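Written out below as structure tokens is the structure these notes cover.
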Amino acid sequence: MNTQQVLKYRSQAVAKPYFIAAMLLFAGQIVFGISLGLQYVIGDFLFPYIPFNVARMVHTNLLIVWLLFGFMGAAYYIVPEESETELWSPKLAKALFWIFLAAGVLTIVGYLTLPYAKLAELTGNDLLQTMGREFLEQPLPTKIGIVVVALGFLLNVSMTVLKGRKTSVSVVLLMGLWGLAIFFLFSFVNPHNLVRDKMYWWFVVHLWVEGVWELILGALLAYVLVKTTGVDREVIDKWLYVIIAFALMTGILGTGHHFYFIGLPGYWQWIGSIFSAMEPIPFFMMTVFAFNMVQRRRREHPNQAAVLWALGTAVMGFLGAGLWGFIHTLSPVNYYTHGSQVTAAHGHLAFYGAYVLVVITLISYAMPTLRGRIANSQRAQAVEMWSFWIMSIGMGVMVLALTGAGILQVWLQRLPTEGAMSFMSTQDQLRFFYWVRIAGGVTFLLGQFTYFASFFVGGEPVKTDTVPAGKLAQA
């Protein structure tokens, strides 16, 4: 079947290479994550070829890059359909794909082949010092390249929205994408004062993942639910606006939970504690929203795998970003848990639940249409659903192991007022949890391979959308 018979707009096809690149880079991120887990228990694993600090840089940078590929692919797929017009410039979208991919690959190769200090010297860090901060380790040319790609991308999708229909999904998505680009500019600000440095660093990291990225999350989830449930757009719009209002209110002021102990005024302990304690609210609302829309559905969409990923996003996002964030967000608790394995547990589950799953949700919905069918075969979807459960179980094992390690770490190293165990001695006591974490990581990787395998499973794909009359009559 011709792809164009399924896609409403020809230019939506530019999303396909973005999705493929995202999934391949995702696999690379997980492989490096498992190698990091092994380095916790086998100290010289892969040394001196891939030291721990290099593996960590690659692991976290791949996370950011593949999610950005996913966000851009999602926007290129959604915006033409929401705007009811072709993409402003498909050629620009294709060119930016190769520029971004080349910049990302060359940066990773640089991390793996050169000492970081030498990489900084060769890439002009002495001209504008931007390197050396976690998540923002990219060399200056890469950072400039990201800005150029982001501006070209935003020009493309903004012009498409401006010339076509405006919907809540496209407007909220555009707000999130513009916010993503604007807040990244703080990565170029690297003051010598350590307090200001950390403050600007959180303006990127926190206001991304607990601010504007949540707008992107809400828009993607709303779009998939509109398409798979048939619930009136007005109902979903109201939910979306309320959720993002709470997300921005709590997320922006919740930045204060990073200001507790870096030298900023003490009132941030109150502001950060109160508003970050409210951050689970929008994620709980998202969970209620997703299940409510599925229960009120007016259609049985043939792509049930995408519906599962959407529900998984809501539940795991609430658990990771909401519940696991809440347990250590109050300043009296954070005093002991800050930077412990409790933080790592929250970070892994929050990213998986909120952003990894929503990108896979969109890919699960869009990829069949990009291959010329409404949905994959029932057999392929069954394999895909198994991948969701295997990945989620693997992540659950990892998070519970890291949570146990964090609690024991606090108990042995941070709570005692005298005779506290040293850092390295404490790490020796956590080895069991670290081995369990590796088992969870390997399980997660198996789930990811299962997901990839679903693309090659046979069976008769669904080529026509079905809306049972009975469901419409009931609605």
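The values are calculated or read from the model by the stated rules, or taken from the named source; none is laboratory data. Remember, it's a predicted structure, so these values are computed and weren't measured experimentally. For neighbour counting, all protein chains shown are included, and Cβ atoms are generated from backbone atoms with ideal geometry for every residue, glycine included. Note: areas computed on protein heavy atoms with side chains; ligands, DNA, RNA excluded. Shrake-Rupley method; radii C 1.70, N 1.55, O 1.52, S 1.80 Å.
Observations, loosely collected:
- The residues of the stretch 115-131 that are open to solvent by 60 Å² or more (accessible area, probe 1.4 Å), assigned to a loop (DSSP other than H, G, I, E, B) and not acidic (Asp, Glu), listed by number, are PRO115, LEU127, LEU128, GLN129.
- Of all the numbered requirements in (1) open to solvent by 30 Å² or more (accessible area, probe 1.4 Å); (2) free of Cβ contacts under 8 Å to residues at least 60 places away in the same chain; (3) of a type in the set (D, E, K, R); (4) under 23 Å from TYR18 (Cα atoms), LYS143 misses one, and that requirement is (1).
- Residue match in the stretch 84-91 (condition: out of contact with any strand residue (DSSP E or B) (no Cβ under 6 Å at 6 or more places or on another chain) and surrounded by 21 or more Cβ atoms within 10 Å (Cβ to Cβ)): yes
- Positions within the stretch 370-382 being crowded, with 20+ Cβ neighbours inside 10 Å and out of contact with any Gly (no Cβ under 8 Å at 6 or more places or on another chain), in sequence order: LEU370, ARG373, ALA375, GLN381
- Count - residues of the stretch 92-102 that are open to solvent by 30 Å² or more (accessible area, probe 1.4 Å) and within 30 Å of HIS206 (Cβ to Cβ): 3
- With respect to (1) open to solvent by less than 30 Å² (accessible area, probe 1.4 Å); (2) more than 30 Å from MET293 (Cα to Cα); (3) at pLDDT below 95, the lone exception for VAL226 is condition (2).
- For GLY396: the one exception among (1) touching a helix residue (DSSP H, G or I) at 6+ places or on another chain (Cβ under 6 Å); (2) within 30 Å of MET72 (Cβ to Cβ); (3) open to solvent by 10 Å² or more (accessible area, probe 1.4 Å); (4) not basic (Lys, Arg): (1)
- Looking across the stretch 317-359, the residues that are closer than 30 Å to ALA15 by Cβ and either in contact with an Asp or Glu (Cβ under 8 Å, 6 or more places away or on another chain) or open to solvent by 30 Å² or more (accessible area, probe 1.4 Å) (or both) come down to PHE318, LEU319, ALA321, GLY322, HIS348, PHE351, ALA354.
- For the stretch 45-63, residues that are in contact (Cβ under 8 Å) with a residue 40 or more places away in the chain and either under 29 Å from LYS166 (Cβ atoms) or open to solvent by less than 20 Å² (accessible area, probe 1.4 Å) (or both) total 7.
- Summed over the stretch 181-202, the residues that are assigned to a helix (DSSP H, G or I) and open to solvent by less than 50 Å² (accessible area, probe 1.4 Å) give a count of 10.
- Whichever residue in the stretch 155-175 is of a type in the set (Ser, Thr, Tyr) and over 14 Å from VAL226 (Cβ atoms) and, among such residues, is least open to solvent (accessible area, probe 1.4 Å): THR160
- Residues located in the stretch 423-432, provided they are more than 12 Å from SER340 (Cβ to Cβ) and either hydrophobic (A, V, I, L, M, F, W, C) or open to solvent by less than 60 Å² (accessible area, probe 1.4 Å) (or both): MET424, SER425, PHE432
- Counting residues in the stretch 261-269 that are in contact (Cβ under 8 Å) with a residue 60 or more places away in the chain and either surrounded by 16 or more Cβ atoms within 10 Å (Cβ to Cβ) or touching a Leu at 6+ places or on another chain (Cβ under 7 Å) (or both) gives one or more.
- Scanning the stretch 319-340 for residues that are assigned to a helix (DSSP H, G or I) and under 10 Å from HIS257 (Cβ atoms) yields GLY325, SER331, ASN334.
- Number of positions in the stretch 270-303 that are open to solvent by 40 Å² or more (accessible area, probe 1.4 Å) and acidic (Asp, Glu): 1
- Flag if ILE78 is assigned to a helix (DSSP H, G or I) and open to solvent by 50 Å² or more (accessible area, probe 1.4 Å): no
- Residue in the stretch 161-180 that is within 25 Å of HIS257 (Cβ to Cβ), of a type in the set (A, V, I, L, M, F, W, C) and not in a helix (DSSP H, G or I) present: no
- Residue check for GLY251: open to solvent by less than 40 Å² (accessible area, probe 1.4 Å) and at pLDDT 95 or above: no
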